[in-house]
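What follows is one structure encoded as structure tokens, with my remarks underneath.
Just so you know, all these numbers are worked out from the coordinates, no wet-lab data involved. Predicted, not measured: the structure shown is a model, and the values here were computed from it. FYI the Cβ positions are ideal-geometry reconstructions off the backbone, even for glycines, and counts take in every protein chain you see.
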Amino acid sequence: MKTPTRRAFLASSSAFIALPFLESFGYRRFATAAAATTSAPKRMIFLGMGYGVTSESWYPNLETPGYDYELPESLKPLARYKQDITVFQNLEHAHSRDGHSGSTFWLTGADRYAIPGQSFHNSISADQVAAAQFGNETRFTSLHLNGGNDNGHGPGSISWNNQGKPIAGMPHPVAMYHKLFSSDNMPLAERQALLADDRSALDTVLSDARSVTKGLTKTDKDKIDEYFQSIREIEIRIAKDEQWLSVPKKQPASPIKEPSETLEGIPEVEMAYELMLAAMQTDASRVFTYRMPGDSFVSSLGSSYSAHNLSHHPGSPERTRDSILRDQKNAELLAGFIRKLKASKEPDGSSLYDNVSLAFGSNLRTVHSLDNCPTLVTGGGAGFQHGRHLVMEAKTPLCNLWLSMLRGSGVNVPSFGDANGIIDELFQA
Amino acid sequence: MRLFLSLLLFALPLCCSVIADELPSEQQAVMPAKHRAIFERYCFDCHDSASKEGQLDLESLSLEISRDIPTAEWWSKVLAALNAGEMPPTDAEQITDEEKAALLHDLSIEMVKARNILSDSGGEIALRRLNRREYQNTLAALLGFRPDVSNLPADDSTGGFDTAGASLFFSADQFEQYRATATTALITALSDRKKPSSQIHRVEPEDTHSKEYFDRQEQLLDTIKRADAFLAQETSPPQDFGFRDVAHAEKQAQRSRVHLKQMQDYTRRPQAKEGAFLLRDKGHSRPSIRTPKVSTAGGRYLLRIRAGAYDDSPQRQRYVEYAIGNPKDYQVLGQVKISGTVSKPNVVEIPIDLEPGRSGAFQILWRDYKEQASRYVTHRIEAQKNGIGQLPVVWVDWVEVEGPFFDEWPNTAKMDLIAPRRSHEDNATYARRLIQSFATRAFRDQTPADEYVDKLVQRYLQKRKSGKGHVASIIDAYALILSSPSFLYMLEHGEPTALAADPTGASSDDNGPQTSSLDSNLSRLTDRELAVRLAYFLWSAPPDAELYSAADEGTLSRDDVLRAQTDRLLNDPRSDEFISSFTHQWLDMVRLDMFDFDARFHPEFDQAVRRSARQEVYSTIRHVLDQRLPLGTLLKTDFVMVNDVLADFYGINGPTDLPVQGSHFRKVTLPPTSPRGGLLGTAAIHVMGADGTRSVPAIRGAWVLKHLLHDPPPPPPANIPQLSRLSGKPRSGRELQTLHQEAPQCAQCHRKIDPIGFGLENFTAAGLWRDAETVSINPASAKKFQLPKSKSFDIDSSGTLHHGESFGNYFELRDAIAAHEDAFARGFAEYLIAYALGRPYQISDHRLASDVTRQASQKGNRIDAFVHALVQSETFQTKWAERPRVGP
């Protein structure tokens, strides 16, 4: 089956010809290698669930590594996609210490005490490494959704920039909806003026920053330097906003209704998946992270326990039951997401599923345990061979997986976090 | 290196662990040579200089752990491998438990010491950004009201104190959050609204609140009727009756019948038509009686409630809570006990001050459990007893709200923020004057640079030109000022000359560390900088006019003036911020809110108790400070600070045995037999040492070692399984905890920790006294809404402190701990230093801590004496500095 050529696609979508960002459709590659078929873009999704899973029912039997394993109780709803997922054992971050932080270091593997005298330190997260490469071609370099409080996720964010500073997530799917699809009725000139005004604001505070640095000690200057870096980062954002200013936001083929602000828990997660899907269909962004809701999620399941108390389920039959229900609901929603990813076609005939790498998990296993981090991956974007229960050697760095995802998706970084290699099995049947 | 540092710096508050002064052992962390024999016997097969398996050569590895980072890193790996039981390998000869415990004991203690030695910064104090509390207080000082700052990151979750400059980072998102928060606050501050007139609204809840119960009863009757009609016939489909199928109809009917009983019990009461009962709906929801919306201008309101409670109801349930917000999302402001009865109600009046910008309505709720599970389960347990469920307790005749009242209008600092235009001023001159003046105050009395002011004025003019009004344009400029580094960071440049002697030449007869000359890498703070450091230490807010003028007169650094100002700041109510913020972080009180409580096991414990328990600790420390009592009062004393909620909870009466009335905290003298009095008698400390169901002796013991005895245990190894995995057979807490000591890597610390926890076992998870512990038998087979069968164990609270003192019960344990007031004082001093200086306590602070402790002990260990000694110290008044490279 011959997929339609890139040129045909561009020609048929006349609206896009005017785009200043033809790169976003692989134009450059197309232009330089005319004969080659450009493939659909690679994408990455990280779903962080905060407080971990029900250990006793989430992990497959350790004695059954490989293809021939039985999906455990918590993952049963994923049965239809067993061939499309990989469940890991024994991945962990060597430096993790925070028993209430499921997300803070999940994508970074950083050591919070790495800097003497500083009680908190973090480093760039895997999604931002990908975004640095994928993000240039889309309106939004990356998109971050924050479905709850810090509870179970830990301080800061799930995503950390190259300075190790937290990237704020959008507080609710409704904010993501507006960011992605709300059309701005303001005339172009006014929007340009607003951006210019933002630039002038930055220029103003920078002049204060420059004048105070005089006479400060080296340590103090380093501290003020964080301020300079932050302002520079906003300048970059503004520059990008300016480039996209005249490009109308693309609407998904099947439009999404504005979500209600009262969505909480399960419907909130469903809507988040819906919006990520639409964002991929319109190529608004290629990198997504989600700090999934905790308390509201279990509450919408009908459980009367908080997510923290559910994580302390060993010994309590009621909490254990609710904890398993929570796992199963997560698995069910994920199965729904996979189904839609598979059904959504790219112009080259492949599906969104074929080009995405999706990781679902947490830095926390059960209670406050930080070993054997629950980790499930799906999607064909990194070229992983799925369908297996991969029992790794004890204490395999979780960063090995992040590095494998990055390299497999064409982000050729030499290393990531404390990775000591890639997971070869993922690339071999 | 990273691996090492992670262990090195784990749990920074622990770095206050080393007590002795200036001993050589202080500067070195060394493994005792006696353990060499263990390595030779069990490890050298693989890890001697010849084999070096895994690169590890134990034969030549220095015993001085703190020698350098690579050495420490190796030792940290050794510790981890032994803790995890990975080494020696299972097929090799195993280290005996006794040897292993002794080795791990020394190694873990020396690792902590090495960490402290290797992470010492030599005393440098890093530049601090205002944390969220300080940002809010600083805005309050400038704008005349406390704005909402909940959109900013909290700054308290990164470990250590929230004043630690090195950990207070900054990000691009934060800049935008600061700007947005400041803009909103300024819009409120500069609002040109008219003064709202005071009004009285009375709510008769029979029209609103009770009506919902009557309506609900009708709905339930209707559902039952439809279900019965549907189930009695077979011709029409369920949809005609409003059901999906037979099962749905049956379930709905059954549920409705259950709830109907409660509704009928409500509506049959004659008072339901004259007022309203505050009662859970559907077993768990918490309906509120609400007033009309308040004005967003803030101001003082008087909330009056005419209510009564049934005579036979428990004291705990005779309270209402009042909140501001909407029925689904509100903030509880307090609780008030209803002393009237249903037949003879009376009126309670509550004054409430609201900040401008606050919106919503007052919500009146029954005092109830925060945990939905607890509300539901107690309802069901009641239903099994009386066939109905929770019965109403509090009846409300009416609710009246009067206000807002204002002492002054406008009730913000609007007049100071926008001085009127002078007759000759054009836009540019006027804007410059306003911006210059506001920036100077916002920058804590530092003049802003001309270029910066120029840019702000240009922006202002630009806004005006584009059609914006004066106020909107000035808000833009002010919001940028409140997002600029000079505002966000506490900049300290120090005196221009390095060796600044006391400029006034005044000397003090105090024998404190007097500074005639300074170390060459220290520079003295200017008086203004000192004023700022002092104000943020004791108020978490900028200096007031009086403190600034002391600084401007150049007298603040004089010992007597500084002492007088310190006293003034401590006596000012603004120092409540110091008491609560310092105490909360010092005593790790975040744990107080961490666990839901199960009302099946702790029916007396609810949110009102939890709030009051926190306040009890703060009030006690406030009292000890204000009354100039010794710090040791916190270890043992003959009084408690309680309100009505806690007095009911503890079962304590006031003077002449009358009940304690009112929600304010007051001193109540205790009988000598009372277990209360001092931190160990507070509910808060015991709740923190529990998991919401059971007490956890190890957590209580470790807390006492860390906070009271100043002897923190080393951090626990990661990934310890939860004890409840041992469930299956009911065991006493003491037995369960003793199982911890089976493995040698656990035993070495728990031998020291657990006995203290056992001595506190007379306190339940909620902090109530017990003589026996009730443990559920096999809760797995119990029905959800019943109390599982249980077994009772007599409490054995005897034990031996690792110092050697043995105790037969809690009271003897408390005496033994109270005898260590010196250790407690030393720990307090170290935490105080870390909080005040904005950096973790370090080994190089030992001398300062000794000075502070010594001077305080000469003043009877009064809290103010610790503060004075610290404020008077050279460290507090100087900045560690390189010589400035740039001249002007």
Sorted by Cβ neighbour density within 10 Å, fewest at the top, the residues B:Met415, B:Met263, B:Met589: B:Met415, B:Met589, B:Met263
With 10 Å bins from 0: P(r) over the stretch B:607-649, alpha-carbon pairs, percent: 28, 51, 20, 0
16 Å cut-off, amide nitrogen to a point 7 angstrom out along B:Glu250 Cα→Cβ, residues in the stretch B:207-228: B:227-228
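Going by the alpha-carbon gyration tensor, a ≥ b ≥ c the square roots of its eigenvalues, is the protein assembly as shown rounded (a/c under 1.5) or, if a/c is not under 1.5, prolate (a/b greater than b/c) versus oblate?
Values: a/c = 1.08, a/b = 1.04, b/c = 1.05.
Because its axes are fairly even, with a/c under 1.5, the protein assembly as shown counts as rounded.
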Of B:Lys113/B:Lys752; A:Lys76/A:Lys342; B:Lys706/B:Lys859; A:Lys240/B:Lys465; B:Lys706/B:Lys752, pairs whose Cα-Cα distance is over 21 Å: B:Lys706/B:Lys859; A:Lys240/B:Lys465
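Given axes a ≥ b ≥ c from the Cα gyration tensor, I'd like to know whether the stretch A:295-417 is rounded (a/c under 1.5), prolate (a/b larger than b/c) or oblate. Mind showing how you got there, number by number?
Working: a/c = 2.83, a/b = 1.47, b/c = 1.93.
It comes out oblate by the Cα gyration axes.
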Among A:Ser207, A:Ser246, A:Ser57, residue whose mean-square fluctuation peaks in a GNM of chain A (springs only between Cα atoms under 10 Å): A:Ser207
Reachable lysines, given that their alpha-carbon falls under 25 Å from the alpha-carbon of B:Lys194 and they are not under 8 places away in the same chain: B:Lys293, B:Lys414, B:Lys468
Residue order, fewest to most beta carbons within 10 Å, for B:Ile187, B:Ile843, A:Ile236: A:Ile236, B:Ile187, B:Ile843
Relative contact order [Cα under 8 Å, 6+ residues apart], the stretch A:279-343, whole percent: 19 percent
Value of D in µm² per second that Stokes-Einstein yields for chain A, Kirkwood Rh from Cα pairs, at 10 °C (1.306 mPa s): 70 µm²/s
Amide H partners (placed H, <5 Å) of B:Thr878, local residues excluded: B:Leu525
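Please return the longest stretch of chain A lacking exposed loop sites, where trypsin sites (Lys or Arg not before Pro) count only if DSSP places them in a loop and at most 10 other Cβ atoms lie within 10 Å.
Working: sites that count: A:Lys2, A:Lys257.
Between exposed loop sites, the widest span is A:3-256.
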B:Leu391 versus A:Arg191: modelled label distance in nm, points set 7 Å from Cα along the beta carbon direction: 6.6 nm
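Too long at a 23 Å Cα-Cα cut-off: which of B:Lys273/B:Lys344; A:Lys42/A:Lys395; B:Lys261/B:Lys385? Write down the numbers at each step before the final one.
Details: B:Lys273/B:Lys344 16 Å; A:Lys42/A:Lys395 29 Å; B:Lys261/B:Lys385 13 Å.
Result: A:Lys42/A:Lys395 exceed 23 Å.
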Whole-Hz ³J(HN,Hα) from phi, Karplus 6.51 cos²θ - 1.76 cosθ + 1.60, for the stretch A:51-63, glycine and proline x: 4, x, 10, 8, 3, 5, 10, 9, 8, x, 4, 4, 7
Which of B:Arg257, B:Arg286 has the fewest Cβ neighbours within 10 Å, and the rest in rising order: B:Arg257, B:Arg286
The stretch A:184-247 shape via C-alpha gyration tensor axes, a/c threshold 1.5: prolate
Span from the the stretch B:210-233 Cα centroid across to the the stretch B:817-871 one, whole angstrom: 68 Å
Relative contact order (%) - chain B, alpha-carbon pairs under 8 angstrom, separation at least six: 14 percent
Cα→Cβ-extended label distance, 7 Å offset, between A:Ser183 and B:Ser191, nm: 3.6 nm
Those aspartates and glutamates that a straight Cα-Cα span of less than 17 Å connects to A:Lys223, excepting residues fewer than 8 apart in one chain: A:Asp208, A:Glu233, B:Glu124, B:Asp155, B:Asp162, B:Asp173, B:Glu492, B:Glu882
Between the stretch A:301-320 and the stretch B:630-692, the alpha-carbon center distance in angstrom: 33 Å
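Kindly rank B:334-341, B:552-559 from highest to lowest mean number of other beta carbons found within 10 Å of each residue. Working shown, then result.
Details: B:334-341: 19.8, B:552-559: 17.9.
Result, highest mean first: B:334-341, B:552-559.
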A:Glu70-B:Val590 pseudo-label distance in nm [points 7 Å out on the Cα-to-Cβ vector]: 4.2 nm
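If you filter the stretch A:233-265 for GluC sites (Glu not before Pro), then keep DSSP loop positions with at most 13 other Cβ within 10 Å, what is left? Write down the numbers at each step before the final one.
Values: sites: A:Glu233, A:Glu235, A:Glu242, A:Glu261, A:Glu264; in loops: A:Glu261, A:Glu264.
For GluC sites (Glu not before Pro) across the stretch A:233-265 that sit outside H, G, I, E and B with at most 13 neighbouring Cβ atoms in 10 Å, the list reads A:Glu261.
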Residues B:Asp822 and B:Ser549, FRET efficiency given R0 of 60 Å [Cβ-Cβ distance, rounded to 0.05]: 0.90
Whole-Å distance, taken between Cα centres, linking the stretch B:39-79 and the stretch A:343-372: 41 Å
Computed P(r) (all Cα pairs; chain B; 10 Å bins; percent): 2, 10, 17, 20, 20, 16, 10, 5, 1, 0, 0
Per-residue mean of C-beta atoms belonging to partner chains within 10 Å, peptide A:218-230: 6
